[in-house]
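A.B. asks: Quick one: the structure is below, questions incoming.
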Amino acid sequence: MKRIGMLTSGGDCQALNAAMRGVVKCLVNSKENVEIYGFIDGYKGLIYGNFRMLGGHDFSGILTKGGTILGSSRTPFKTIKDPDENGIDKVDAMKQNYYKLRLDCLVILGGNGTHKTANLLREEGLNIITLPKTIDNDLWGTDMTFGFQSAVNIATDAIDCIHTTAASHGRVFIVEVMGHKVGWLTLNAGMAGGADIILIPEIPYDIKKVVGKIQERNDNGSKFTILAVAEGAISKEDAKLSKKEYKEKMKNYKFPSVSYELAQQIEKMTGHEVRVTVPGHTQRGGSPCPYDRVFASRLGAEAGELILKGEYGFMIGYRNREVVKVPLEEVAGKLKMIAPDASIVKEAKLLGISFGG
């Protein structure tokens, strides 16, 4: 008998259900007797012992379903060792619930912060296997995360729709794409949607160069410009500030986001009418695209196989078009950033895309 715990933590995304289904189908098809304990709302469920037993019927018909049947929440790693408001030691509580249920393994689906806590639990002696989900595609140790391609599709659709209205009115449009620290989603959606300017956190922008690109297009007869802007995009001036100085500046920040600041600057410098569109959480929602359904299912199946072999302490990743197991300690705490000299950036520039740098 295998007793498996499972939870989804952090921001939700498409294909979480598909990945969990992949794990369970692998275990069931192996003829191994299994019990699945689903913890509700991420690490909170593990901390407070809030779970429910899951049977095969719970995983039927969820391949195409977005979100997560277990619910999710954010439990920041930086406070995971701090007692909660009632004085409960969260790490100790998670360990106690793991042992109380006599689990053989805990399968954790999540992004960067989730993996930090997962690795901590591994260091505390628990059997852990993780699956890489995030629309940001910023997890170290894997070329791809599930949820990313679905989010790219949605963000690209938003940019596609903006093209027609931008062209009709001769406006400058900014489409703000999710991504606080990395720009994989913005870069891919921007290229797929034919954006003229792409601004990402890894390449601080110069507003004069952004405006220069808009004026260049105008001089060449293009009366509209599309900017794909990551929510974490930053100017060269702000990038030079220390963390303390930047934090102090943001206390008095009068704009909803960087996109609105850019819009005001562009209007003042060019006289062009600028509009901002924010797809927001639509990028996390809806059904997973076919790619993510297949990809998440593959990762889930490989996780199930590791459980059957009794191999723990790994994230199931994807490298060079192959599913691989990556030691958790190599993943935790590392972000997969876009190098300013990466080939995809170079190729985007060859297409005439400006990064404002």
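A.B. asks: Taking into account only those residues within segment 28-76 that are among the β-branched types (Val, Ile, Thr) and in contact (Cβ under 8 Å) with a residue 40 or more places away in the chain, which is nearest to residue 287 (Cα to Cα)?
C.D. replies: 64
A.B. asks: Here's a follow-up. When the residues of segment 161-171 are filtered to those that are open to solvent by 30 Å² or more (accessible area, probe 1.4 Å) and in contact with a strand residue (DSSP E or B) (Cβ under 9 Å, 6 or more places away or on another chain), which remaining residue is farthest from residue 11 (Cα to Cα)?
C.D. replies: This residue is 169.
A.B. asks: Which condition number does residue 2 fail, the rest of (1) under 27 Å from the mean Cα position of the chain (by Cα); (2) at pLDDT below 95; (3) closer than 20 Å to residue 128 by Cα being met?
C.D. replies: Answer for residue 2: the failing condition is (1).
A.B. asks: Has segment 139-160 got at least one residue that is open to solvent by 10 Å² or more (accessible area, probe 1.4 Å) and within 9 Å of the chain's Cα centre (by Cα)?
C.D. replies: no
A.B. asks: Mind telling me which of the residues 330, 347, 311, 322 ends up being among the charged types (D, E, K, R), touching a residue at least 12 places away in the same chain (Cβ under 8 Å) and over 14 Å from residue 119 (Cα atoms)?
C.D. replies: 311
A.B. asks: Only one of (1) closer than 29 Å to residue 152 by Cβ; (2) modelled with pLDDT of 90 or more; (3) out of contact with any Leu (no Cβ under 9 Å at 6 or more places or on another chain) fails for residue 229. Which number is that?
C.D. replies: It fails just one condition, (3).
A.B. asks: Only one of these conditions is not met by residue 285: (1) surrounded by fewer than 17 Cβ atoms within 10 Å (Cβ to Cβ); (2) more than 15 Å from the chain's Cα centre (by Cα). Which number is it?
C.D. replies: Unmet condition: (2).
A.B. asks: All but one of (1) surrounded by fewer than 16 Cβ atoms within 10 Å (Cβ to Cβ); (2) within 15 Å of the chain's Cα centre (by Cα); (3) at negative phi hold for residue 309; state the number of the condition that does not hold.
C.D. replies: Condition not satisfied by residue 309: (2).
The values are calculated or read from the model by the stated rules, or taken from the named source; none is laboratory data. As the structure is a prediction and not an experimental result, all values here were calculated from the model. Heads up, the Cβs are rebuilt from the backbone with ideal geometry, glycines too, and the neighbour counts pull from every protein chain shown. These accessible areas exclude ligands, DNA and RNA; they are computed on the full protein's heavy atoms, side chains included. Shrake-Rupley method; radii C 1.70, N 1.55, O 1.52, S 1.80 Å.
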